[in-house]
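What follows is a set of notes on a single structure, which appears directly below.
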Protein chains: 2
Amino acid sequence: MSMEETVIGLARETKRASRRVANLSTTAKNGVLRRMAAALIERKAYIQAENEKDLAAGRAKGLASAMLDRLALSDKVIASMVAGLEEVAALPDPVGEIDEMVRRPSGITVGRMRIPLGVIGMIYESRPNVTVDAAALCLKAGNGVILRGGSEAIHSNLALAKVLQDCLAAEKIEPAAIQVIPITDREAVNTMLRLEEYIDLIIPRGGEGLIRFVAENSRIPVLKHYKGVCHVFVDESADYEMAARIVINGKVQRPGVCNALETLLVHEKTAAEFLPLVGAQLATAGVEIRGCPATRALLPAAKAAAPDDWGREFLDLILAVKVVADLDEALAHIEAHGSQHTEVIVTNDYAHAQRFLREADASSVMVNASTRFNDGGQFGLGAEIGISTTKLHAYGPMGLRELTTRKFIVYGDGQIRS
Amino acid sequence: MSMEETVIGLARETKRASRRVANLSTTAKNGVLRRMAAALIERKAYIQAENEKDLAAGRAKGLASAMLDRLALSDKVIASMVAGLEEVAALPDPVGEIDEMVRRPSGITVGRMRIPLGVIGMIYESRPNVTVDAAALCLKAGNGVILRGGSEAIHSNLALAKVLQDCLAAEKIEPAAIQVIPITDREAVNTMLRLEEYIDLIIPRGGEGLIRFVAENSRIPVLKHYKGVCHVFVDESADYEMAARIVINGKVQRPGVCNALETLLVHEKTAAEFLPLVGAQLATAGVEIRGCPATRALLPAAKAAAPDDWGREFLDLILAVKVVADLDEALAHIEAHGSQHTEVIVTNDYAHAQRFLREADASSVMVNASTRFNDGGQFGLGAEIGISTTKLHAYGPMGLRELTTRKFIVYGDGQIRS
């Protein structure tokens, strides 16, 4: 069987299984999720032995130690996957929710029922725990899932899938509802992206290169998460202590994630007092500042920002800082350089707060809070499968509901149209 | 300037104008919509003179009279466009709606604000009134719109766009917010479908060929509406008079539209009594029946259904009829042959009604009502821009809200993440 036939056969099976998963009761779904949690612990030795094959191959290939760390299914990582499964089992089931039911003049009653999307294709890099986290969310939302992880994690991903599939089988659910593509060749991704007949949505997670490749080659709708270039604008009326706290938290707490702060914009009437205050705290935290000329006049230790430092995702202890004339210039800078991820204003001006909330074009727009709050857990969605910077279907953190859609349902008693 | 440069330049301008339209007040949007309604009447002579150029070209090319009818901007069609503009002006503005606001344990208040999608690309055939209807809905939802109608309507579409753009200019809104692509070459569509930087959503309206072409060549998300192969299943417990009324209404009232009935499924215990009853009414209405062997045993006048009559969109006074063993077989038939448009059960069995509502996979699933109700106006959405059979973003009739998305907004008072 050719590579292409293998992928197509597997996707067809998942589509078939997805119809059964769509109609499972909440109790059945939660039962199998809890069984999976138990199975990860029971079969830890098997999982870690398979993981060791990937780690050995990685070491032989000279992978950086940070990469090997991300690949390792340590006891701690397995415990976090177990906790994730328990958490998803505890979330409310979105499938079957009915709302907006209204009686229409014709006499029919119309509303919307939440239903699964069908089959989700996840394409991701490195961390094998995504295999379990994504499978759990897709299953709870009533979907089948086809997973395509990185080639360096193939043994780990297949082992995890085997454990999950055995749990499905034990509960008399078609194991094909969760599949890992067993082929590491990139052509398998290309095949997957053309199977619009069997796959309803593609979610890529990984570097910008992967996401662009998927977006450009997919015939299936893609919910993409490009980079997070988050700004904080410190307005004229800001509380400086609060602003400094929000800047430090955004930049320092976890600089390597997409909701970390990358560019600070400071109102020119604020700069003389605020920049030295926050500059000292940033220096203490080991943050390198790349500033505009006005910033450097106030913070002599700052480096000069290069043109491409605006709109750059540093993912490191580096912060671009620019002094702007007013809210208009701040909004224009964000429009030119933002990534539609997270934008924050620190202000005590009511009208500015409202205008920023309306006009800043990002999946999350905040007043007086850290960029780091842009997260499914923090927003109350439960576990998240990613943060969409695409406006269609879901914009921002994607939880269970974002893995579903709604159909119209109609209750009549014989109505016809005249 | 090359064709490609023209299309790109035009899309770039619309993107720029869309930022302004996104922030217009409801009053401003309604004002310009009402001005457009008045302008269509004032400038009717100009519009009809340009329309006459298309009609003359169509006659010279030997277009069928039905096609010429669809192309004509008669007084009646202009009046319907005027009424459409007034109707859209009267609809509630979805932009700025805030809901799901909740206080989180961290102290931040999080909710969702409805915002425009950005720029919508409409690709459609024939009827030039779509130009006005679509422009009005996109504008009211705060979007820019790029319209690409059929080549046979090019003069009419450009004239209508000119009238609408003059109204925008008179209200000091960038006219580029509404554009008609002035190039009839199909390459212009190809260029449009690659402009993901400027266009956020493509909505094709027209024949299956056009929609497939767009879906296969677009890098931009597409909300497609393939065919409507709608089924009615008459269950064992159905009220036969009600079922006959629903069948006749679905098939006969307007056979050429996508929510018309195409296949009737009849429970085998119902067939002996129900089929002669409905068969007589269908014959009176001039409907040709293509039946399975069991149907033909009861209705000797029926033709034999060919295998490809199942799942076929006749758009004509033809009905496929099949006798099935039970609800399971009806659901399996719909799964195999349905088009995810509209599916109806006629039943008096509570459990069957609930199961059909849950399990039939279509954008609208109904109990005891005509397929013809699947319509934005009938469902209370106001005017509709199409009926999506894609599950992502919008499934079913698309009104103003479906031309928007939601972003997260956060009100804090200095919260940081720990």
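The values are calculated or read from the model by the stated rules, or taken from the named source; none is laboratory data. Note that this is a predicted model, so its numbers are computed, not measured. So basically every Cβ, Gly included, is an ideal-geometry build from the backbone, and we count neighbours across all protein chains shown.
Summed over region A:297-339, the residues that are basic (Lys, Arg) and closer than 19 Å to residue A:257 by Cα give a count of 1. Can residue B:384 be described as within 27 Å of residue B:147 (Cβ to Cβ) and in the same structural domain as residue B:147 (by TED's automatic domain parsing)? No: the conditions fail for residue B:384.
Specify which of the listed residues (B:277, B:299) is among the aliphatic types (A, V, I, L, M) and buried (at least 18 other Cβ atoms within 10 Å of the Cβ). Show your work before the answer.
Working: B:277 fails: buried (at least 18 other Cβ atoms within 10 Å of the Cβ).
Answer to the check: B:299.
Restricting attention to region A:100-146, the residues being charged (D, E, K, R) and under 19 Å from residue A:192 (Cβ atoms) number 1. A count restricted to region A:232-244 and to residues that are in contact with a helix residue (DSSP H, G or I) (Cβ under 6 Å, 6 or more places away or on another chain), more than 19 Å from residue A:340 (Cβ to Cβ) and of a type in the set (A, V, I, L, M, F, W, C) stands at 2. I'm trying to understand the selection: among the residues of region A:1-26, which are under 26 Å from the mean Cα position of the chain (by Cα), away from chain B (no Cβ under 14 Å) and among the β-branched types (Val, Ile, Thr)? Answer for region A:1-26, where residues must be under 26 Å from the mean Cα position of the chain (by Cα), away from chain B (no Cβ under 14 Å) and among the β-branched types (Val, Ile, Thr): A:7, A:14.
Filter region B:214-239 down to residues that are outside any loop (DSSP other than H, G, I, E, B) and in contact with a strand residue (DSSP E or B) (Cβ under 8 Å, 6 or more places away or on another chain) and give me whichever is farthest from residue B:361 (Cα to Cα). Step through it out loud before you land on a result.
Of the residues in region B:214-239, the ones outside any loop (DSSP other than H, G, I, E, B) are B:214-217, B:222, B:230-234.
Applying the additional criterion that residues be in contact with a strand residue (DSSP E or B) (Cβ under 8 Å, 6 or more places away or on another chain) yields B:214-215, B:222, B:230-234.
Working: B:214: 24, B:215: 21, B:222: 20, B:230: 11, B:231: 12, B:232: 14, B:233: 14, B:234: 17 Å.
Only one residue fits best here, namely B:214.
When restricted to residues that are aliphatic (A, V, I, L, M) and either surrounded by fewer than 17 Cβ atoms within 10 Å (Cβ to Cβ) or within 14 Å of chain B (Cβ to nearest Cβ) (or both), region A:185-209 contains 6. Taking the listed residues B:120, B:78, the one that is within 14 Å of chain A (Cβ to nearest Cβ) and either out of contact with any strand residue (DSSP E or B) (no Cβ under 9 Å at 6 or more places or on another chain) or under 24 Å from residue B:37 (Cα atoms) (or both) is B:120, with no other qualifying.
When the residues of region B:386-418 are narrowed to those that are among the hydroxyl-bearing types (Ser, Thr, Tyr) and more than 7 Å from chain A (Cβ to nearest Cβ), which ends up farthest from residue A:115 (Cα to Cα)? It would help to see each step written out before you state the result.
Taking region B:386-418 as the starting set, the residues that turn out to be among the hydroxyl-bearing types (Ser, Thr, Tyr) are B:388-390, B:395, B:404-405, B:411, B:418.
Applying the additional criterion that residues be more than 7 Å from chain A (Cβ to nearest Cβ) yields B:388-390, B:404, B:418.
Numbers: B:388: 15, B:389: 14, B:390: 13, B:404: 21, B:418: 36 Å.
Looking at the filtered set, the residue picked out is B:418.
Give region B:259-272 a look and list any residue that's under 12 Å from residue B:234 (Cα atoms) and either in a strand (DSSP E or B) or modelled with pLDDT under 95 (or both), or say none.
Quick first cut of region B:259-272, residues under 12 Å from residue B:234 (Cα atoms) only: B:263-271.
Matches in region B:259-272: B:263, B:264, B:265, B:266, B:267.
Is there a residue being in the same structural domain as residue A:344 (by TED's automatic domain parsing), in contact with a His (Cβ under 7 Å, 6 or more places away or on another chain), part of a loop (DSSP other than H, G, I, E, B) and not basic (Lys, Arg) anywhere in region A:241-258? Yes, the conditions are met somewhere in region A:241-258. Here the condition is being more than 10 Å from chain A (Cβ to nearest Cβ), more than 29 Å from residue A:197 (Cβ to Cβ) and in a helix (DSSP H, G or I); of B:383, B:332, B:336, B:351, it holds for B:351 alone. Of all the criteria given as (1) crowded, with 18+ Cβ neighbours inside 10 Å; (2) at positive phi, the one not satisfied by residue B:58 is (2). Looking across region B:248-274, the residues that are among the aliphatic types (A, V, I, L, M) and touching a strand residue (DSSP E or B) at 6+ places or on another chain (Cβ under 6 Å) come down to B:261, B:264, B:265, B:266, B:271. Listed by first and then second residue, the pairs with beta-carbon distance under 9 Å, at least 6 apart or on different chains, first residue in region B:87-111 and free of Cβ contacts under 8 Å to residues at least 24 places away in the same chain and more than 10 Å from chain A (Cβ to nearest Cβ), second surrounded by 12 or more Cβ atoms within 10 Å (Cβ to Cβ) and among the aromatic types (Phe, Trp, Tyr), are B:101/B:411.
Okay, residues lined up against (1) touching a residue at least 40 places away in the same chain (Cβ under 8 Å); (2) away from chain B (no Cβ under 14 Å); (3) within 18 Å of the chain's Cα centre (by Cα):
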residue: A:125; (1), (2), (3): yes, yes, yes
residue: A:142; (1), (2), (3): yes, no, no
residue: A:145; (1), (2), (3): yes, yes, yes
residue: A:171; (1), (2), (3): yes, yes, no
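Residues A:214, A:229, A:247: which one is in contact (Cβ under 8 Å) with a residue 12 or more places away in the chain, touching a helix residue (DSSP H, G or I) at 6+ places or on another chain (Cβ under 6 Å) and crowded, with 19+ Cβ neighbours inside 10 Å?
Working: A:214 fails: touching a helix residue (DSSP H, G or I) at 6+ places or on another chain (Cβ under 6 Å); A:229 fails: touching a helix residue (DSSP H, G or I) at 6+ places or on another chain (Cβ under 6 Å).
That would be A:247, the only listed residue that is in contact (Cβ under 8 Å) with a residue 12 or more places away in the chain, touching a helix residue (DSSP H, G or I) at 6+ places or on another chain (Cβ under 6 Å) and crowded, with 19+ Cβ neighbours inside 10 Å.
Considering region A:365-380, the residues that are assigned to a loop (DSSP other than H, G, I, E, B) and in contact (Cβ under 8 Å) with a residue 12 or more places away in the chain include one that is nearest to residue A:232 (Cα to Cα), namely A:370. So, of the residues in region B:50-79 that are out of contact with any Leu (no Cβ under 9 Å at 6 or more places or on another chain) and in contact (Cβ under 8 Å) with a residue 24 or more places away in the chain, which turns out to be farthest from residue B:167 (Cα to Cα)? Only one residue tops the list, namely B:61. As for region A:370-385, it holds no residue that is closer than 26 Å to residue A:302 by Cα and in contact with an Asp or Glu (Cβ under 7 Å, 6 or more places away or on another chain). Residue B:389 versus (1) within 20 Å of residue B:92 (Cα to Cα); (2) under 10 Å from the mean Cα position of the chain (by Cα): which is the lone unmet condition? Going through the list (1) within 20 Å of residue B:92 (Cα to Cα); (2) under 10 Å from the mean Cα position of the chain (by Cα), residue B:389 breaks only (1).
Could you look through region B:400-418, keep only residues that are in a loop (DSSP other than H, G, I, E, B) and modelled with pLDDT of 95 or more, and pick out the one that is surrounded by the fewest Cβ atoms within 10 Å (Cβ to Cβ)?
So in region B:400-418, the residues in a loop (DSSP other than H, G, I, E, B) come out as B:400, B:416-418.
Those still in the list that are modelled with pLDDT of 95 or more too: B:400, B:416-417.
On the way: B:400: 25, B:416: 19, B:417: 17.
Within region B:400-418, the match that is surrounded by the fewest Cβ atoms within 10 Å (Cβ to Cβ) is B:417.
Among the residues of region B:87-110, those identified as over 23 Å from residue A:396 (Cα atoms) and crowded, with 16+ Cβ neighbours inside 10 Å are B:87, B:88, B:89, B:91. Using the structure shown, decide if residue A:362 is at the interface with chain B (Cβ under 10 Å from one of its Cβ atoms) and either in contact (Cβ under 8 Å) with a residue 12 or more places away in the chain or touching a strand residue (DSSP E or B) at 6+ places or on another chain (Cβ under 6 Å) (or both). Taking the combined requirement at face value, the residue satisfies it. Would you call residue B:326 away from chain A (no Cβ under 12 Å), over 23 Å from residue B:224 (Cα atoms), touching a residue at least 40 places away in the same chain (Cβ under 8 Å) and surrounded by fewer than 18 Cβ atoms within 10 Å (Cβ to Cβ)? It is true that residue B:326 is away from chain A (no Cβ under 12 Å), over 23 Å from residue B:224 (Cα atoms), touching a residue at least 40 places away in the same chain (Cβ under 8 Å) and surrounded by fewer than 18 Cβ atoms within 10 Å (Cβ to Cβ).
Take the residues in region B:343-362 that are touching a Ser or Thr at 6+ places or on another chain (Cβ under 8 Å) and of a type in the set (Asp, Glu); name whichever of them is nearest to residue B:261 (Cα to Cα). If you could, list the steps in order and put the result at the bottom.
Residues of region B:343-362 that are touching a Ser or Thr at 6+ places or on another chain (Cβ under 8 Å), as a first pass: B:343-344, B:347-349, B:352-353, B:356, B:362.
Now drop any that are not of a type in the set (Asp, Glu), which leaves B:343, B:349.
On the way: B:343: 9, B:349: 22 Å.
Here the residue is B:343.
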